[in-house]
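First the structure, in the form of structure tokens, and then the observations on it.
The values are calculated or read from the model by the stated rules, or taken from the named source; none is laboratory data. All values derive from a computational prediction rather than experimental measurement. Heads up, the Cβs are rebuilt from the backbone with ideal geometry, glycines too, and the neighbour counts pull from every protein chain shown. For the accessible areas, the whole protein counts, side chains as well, though only heavy atoms, and no ligand, DNA or RNA atoms are used. Shrake-Rupley method; radii C 1.70, N 1.55, O 1.52, S 1.80 Å.
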Amino acid sequence: VVQVLGQLHLANMLVYDQASDAESFFERFVTKKRKEKLAQVMGFLSIKVPIFDPDRLLDRCLPFIRVLFSPIGLMMYFGLLAAGLITVIVHHERLFDSTQGVLAPDNLLLLYVGFAIAKTIHELGHAALCKYYGGEVHILGLMFILFTPIPYCDASSSWGFRHRSERLWVASAGMLFELAVASVAILIWAATAPGALNALCYNIVFTASVSTLLFNSNPLLRFDGYHMLVDLLNMPNLFANSRTQLKHLASRYLLQIKTSSPAAQSQREALILPTYGVLSLTYWLILMVGILTFVANQYLDLGILMALLLAIMI
């Protein structure tokens, strides 16, 4: 309760019976505006642009969505995944040999198109399942990360679902849809001769599988898997609190600052927070080094530029 009251106070959302402190009110207002402007300046590498409200369209598609998530739809889904997995096993040598040409200059456009298709289906998966459980989705747009447009949707209404299982299904829906797209793409890739369609399908398979395994499903990064872990552990702000706990431990035991305040409020959190913080930092560094090495092998200048951006972010 005290923490909530403190947050309301900082946001100037409390009304007192007695005369308010105008000077303190104005100081908090100025501080808030300064932080908002700083966030806008620092967020130029990640800009969200809403395009349209898909909620009415989802309402019209609700009968189809219900069929999609019916027992028959689930059986068809698992059958599709099984067919895709068998195709991967049969053609695994040719599939992995083609990875060497993913960053070739003549493949970059198809790589982005494949990525955009996979991510669009990913976001529509979140929206469809959110609507299936009675939620609302009012924003579908583009998010520019390093000036590269990527589709996104706002399915945050699912956070208000009473049942945890519903929230977890909505969080995982993007990955489930993306795996279905990858399965369709691998079947088309295996059945077609080399050409534009064959190359596009391979890029869809590559982006969908890599993004799902390394990013979306991994709880150590703040994507779908992370939100699922937060819900399972019932520990909001796990990422930020883990960093705060690590800073507290460093301040308390390395710098001997006895006034440092921990983020953990129980023995359970005192164990989970630093463990998650160390694992997530380690995985992030390994992932970034791997990506930089992979890119630098093809484009040395771009790899150096990405390394500089990484150093600035750190």
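Per-residue answers, yes or no, for (1) in contact with a Pro (Cβ under 6 Å, 6 or more places away or on another chain); (2) farther than 24 Å from Ala196 by Cα; (3) open to solvent by 30 Å² or more (accessible area, probe 1.4 Å):
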| position | (1), (2), (3) |
| --- | --- |
| Phe64 | no, yes, yes |
| Gly79 | no, yes, yes |
| Leu95 | no, no, no |
| Asp106 | no, no, yes |
| Tyr133 | no, yes, yes |
Item to check | Top-ranked residue of segment 167-193 - restricted to ones that are of a type outside the set (Phe, Trp, Tyr) and over 20 Å from Gly84 (Cβ atoms), ranked as surrounded by the most Cβ atoms within 10 Å (Cβ to Cβ) | outcome: Val170
Checklist entry - Which one of these is modelled with pLDDT of 85 or more, hydrophobic (A, V, I, L, M, F, W, C) and open to solvent by 70 Å² or more (accessible area, probe 1.4 Å): Val278, Val230? => result Val278
Checklist entry - Looking only at segment 135-166, which residues are modelled with pLDDT of 90 or more, open to solvent by 50 Å² or more (accessible area, probe 1.4 Å) and assigned to a helix (DSSP H, G or I)? => result Arg164, Ser165
Checklist entry - From the set of residues in segment 281-314 that are within 19 Å of Lys247 (Cβ to Cβ), at pLDDT 75 or above and among the hydrophobic types (A, V, I, L, M, F, W, C), which is most open to solvent (accessible area, probe 1.4 Å)? => result Leu285
Next on the checklist: For segment 127-169, give me each residue that is hydroxyl-bearing (Ser, Thr, Tyr) and within 18 Å of Cys61 (Cβ to Cβ).
Outcome noted: Tyr132, Tyr133, Ser157, Ser158
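Okay, residues lined up against (1) touching a Phe, Trp or Tyr at 6+ places or on another chain (Cβ under 9 Å); (2) β-branched (Val, Ile, Thr); (3) in contact (Cβ under 8 Å) with a residue 12 or more places away in the chain; (4) assigned to a loop (DSSP other than H, G, I, E, B):
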{"position": "Phe64", "(1), (2), (3), (4)": "no, no, no, no"}
{"position": "Ala82", "(1), (2), (3), (4)": "no, no, no, no"}
{"position": "Thr87", "(1), (2), (3), (4)": "yes, yes, yes, no"}
{"position": "Ser98", "(1), (2), (3), (4)": "yes, no, yes, no"}
{"position": "Leu103", "(1), (2), (3), (4)": "yes, no, yes, yes"}
{"position": "Leu110", "(1), (2), (3), (4)": "yes, no, yes, no"}
{"position": "Ile117", "(1), (2), (3), (4)": "no, yes, yes, no"}
{"position": "Ile121", "(1), (2), (3), (4)": "yes, yes, yes, no"}
Item to check | Selection count, segment 190-211, where residues are of a type in the set (Val, Ile, Thr), over 14 Å from Lys119 (Cα atoms) and touching a residue at least 24 places away in the same chain (Cβ under 8 Å) | outcome: 0
Checklist entry - Limited to segment 59-103, what total is found for residues that are among the hydroxyl-bearing types (Ser, Thr, Tyr), at pLDDT 90 or above and within 27 Å of the chain's Cα centre (by Cα)? => result 2
Checklist entry - Taking the condition closer than 21 Å to Leu81 by Cα, at pLDDT below 90, surrounded by 14 or more Cβ atoms within 10 Å (Cβ to Cβ) and not hydrophobic (A, V, I, L, M, F, W, C), does Asn203 pass? => result no
Checklist entry - Across segment 233-249, what is the total count of residues that are open to solvent by 50 Å² or more (accessible area, probe 1.4 Å), among the aliphatic types (A, V, I, L, M) and touching a helix residue (DSSP H, G or I) at 6+ places or on another chain (Cβ under 8 Å)? => result 1
Checklist entry - Only one of these conditions is not met by Pro262: (1) assigned to a helix (DSSP H, G or I); (2) open to solvent by 40 Å² or more (accessible area, probe 1.4 Å); (3) not β-branched (Val, Ile, Thr). Which number is it? => result (1)
Checklist outcome for this item: So, first residue closer than 15 Å to Glu178 by Cβ in segment 142-156, second residue modelled with pLDDT under 80 and open to solvent by less than 60 Å² (accessible area, probe 1.4 Å), Cβ within less than 9 Å, six or more apart or across chains; the pairs are none
